[in-house]
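Notes follow the structure.
The values are calculated or read from the model by the stated rules, or taken from the named source; none is laboratory data. Remember, it's a predicted structure, so these values are computed and weren't measured experimentally. Cβ atoms come from the backbone with ideal geometry, glycine included; neighbour counts cover every protein chain shown. The accessibility values were calculated without ligands, DNA or RNA, using every heavy atom of the protein model including side chains. Shrake-Rupley method; radii C 1.70, N 1.55, O 1.52, S 1.80 Å.
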Amino acid sequence: MHEVKKAPRTGIDIAAIRAAAKNLDDGSVTVGYQADRHEIIALLNDALATELVCVLRYKRHYYTATGLQNGPIKAELLQHALEEQRHADLLAERIVQLNGKPDFNPASLIERSHAEYDDSENIQEMIKANLIAERVAIESYRQMIEKIGETDPTTRHMLVGIMAMEEEHADDMRDLLA
C-alpha cells in the first residue's frame with residue numbers, strides 16, 4: 001500500500017488549480033482570471049485599431065517620402081511600420097487567447113483608433129505626425145496598463161513591452177526632427 005504524501009502548505013489554492021483543469025473550451029482563461037475579460041478585449045481591440053492605423057500611416061510615409069537625402073528616414077519609417085505590425089499581431093493574439101475576436105474591420109479603424117492617419121507630403125510634417133501618434137500611443141498604453149493593474153498580468157506585461165517600443169519610436173522621431 002502506497003502512502004500518499006501531501007504537499008506542504010504553501011498558500012496555493014489547490015481547489016482553484018483543480019478547477020483550471022475544467023472548461024477546456026475557455027483555453028487560457030481560468031477561473032482565477034480577475035479582469036473583466038470583455039472590457040480587456042474592448043481595450044485591446046481599440047489598441048489593435050490604433051496599431052493598424054499606425055502601420056498604414058508609416059507605410060504611406062515610407063512610400064511617399066522623396067529626396068535622395070531621405071533614404072535613412074525612409075528606412076526608419078519602414079522599420080517602424082514593421083514594428084507596429086508586430087504590435088498589432090501581439091494584440092490580436094492576446095484577444096484570441098482571451099476568447100475574443102480581433103476587430104480588423106477597415107470601416108471603423110479610424111474611429112476606434114487613438115492615433116490619427118496622416119497624408120502629409122512634407123517629410124518634416126510626416127515625422128511630426130508620427131511623433132504625435134507615438135505620444136498618443138504611449139499615453140493610451142499607460143492608461144490601459146494602469147486600468148488593468150494586477151488583474152491580468154499577461155496582458156499588462158505585453159502592453160508594457162509595446163509601450164517601451166513606442167517610447168523608442170517617439171525618441172527616434174524626435175531625433176529626426178532635430
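I'm told I162 meets every condition in (1) under 18 Å from V29 (Cβ atoms); (2) buried (at least 19 other Cβ atoms within 10 Å of the Cβ); (3) β-branched (V, I, T) except one. Can you identify the failing condition by its number?
In the conditions (1) under 18 Å from V29 (Cβ atoms); (2) buried (at least 19 other Cβ atoms within 10 Å of the Cβ); (3) β-branched (V, I, T), I162 misses (1) alone.
Can you run down the residue pairs with Cβ atoms below 6 Å, 6 or more apart or on separate chains, where the first is in region 119-138 and surrounded by 22 or more Cβ atoms within 10 Å (Cβ to Cβ) and the partner is charged (D, E, K, R) and at pLDDT 95 or above?
The qualifying pairs are E134/E166; A137/E166.
Tally time: how many residues in region 56-75 are out of contact with any helix residue (DSSP H, G or I) (no Cβ under 6 Å at 6 or more places or on another chain) and not hydrophobic (A, V, I, L, M, F, W, C)?
Number satisfying all stated conditions: 9.
What's the total number of residues in region 34-57 that are out of contact with any Asp or Glu (no Cβ under 6 Å at 6 or more places or on another chain) and closer than 15 Å to A129 by Cα?
Of the residues in region 34-57, 3 are out of contact with any Asp or Glu (no Cβ under 6 Å at 6 or more places or on another chain) and closer than 15 Å to A129 by Cα.
Just need a number here: residues in region 38-77 that are surrounded by fewer than 17 Cβ atoms within 10 Å (Cβ to Cβ) and either of a type in the set (K, R) or in a loop (DSSP other than H, G, I, E, B) (or both).
Qualifying residue count for the region: 2.
Checking the structure you have, find out if any residue of region 25-36 is in a helix (DSSP H, G or I) and at pLDDT below 80.
So in region 25-36, the residues in a helix (DSSP H, G or I) come out as 25-26.
From what is left, the residues that are at pLDDT below 80 are 25-26.
Yes; the residues of region 25-36 include at least one that is in a helix (DSSP H, G or I) and at pLDDT below 80.
Under 6 Å by Cβ, and 6 or more places apart or on different chains, what pairs join a residue from region 33-51 that is farther than 24 Å from Y117 by Cα with one that is open to solvent by 20 Å² or more (accessible area, probe 1.4 Å) and not hydrophobic (A, V, I, L, M, F, W, C)?
Q34/T151; A35/T151
Only residues that are touching a residue at least 12 places away in the same chain (Cβ under 8 Å), open to solvent by 70 Å² or more (accessible area, probe 1.4 Å) and not small (G, A, S): list them for region 14-32, please.
The one that is touching a residue at least 12 places away in the same chain (Cβ under 8 Å), open to solvent by 70 Å² or more (accessible area, probe 1.4 Å) and not small (G, A, S): V31.
What's the number of the condition H114 fails, among (1) outside any helix (DSSP H, G or I); (2) within 24 Å of L78 (Cα to Cα); (3) over 15 Å from the mean Cα position of the chain (by Cα)?
(3)
What is the residue count in region 21-39 for residues that are of a type outside the set (K, R) and over 16 Å from D152 (Cβ atoms)?
4
From E121, E93, E51, E83, grab the single residue that is over 11 Å from the mean Cα position of the chain (by Cα) and of a type in the set (D, E, K, R).
E121
Just give me the residues in region 78-118 being exposed (fewer than 14 other Cβ atoms within 10 Å of the Cβ) and acidic (D, E), in sequence order.
Hits for region 78-118 are D89, E93, E111.
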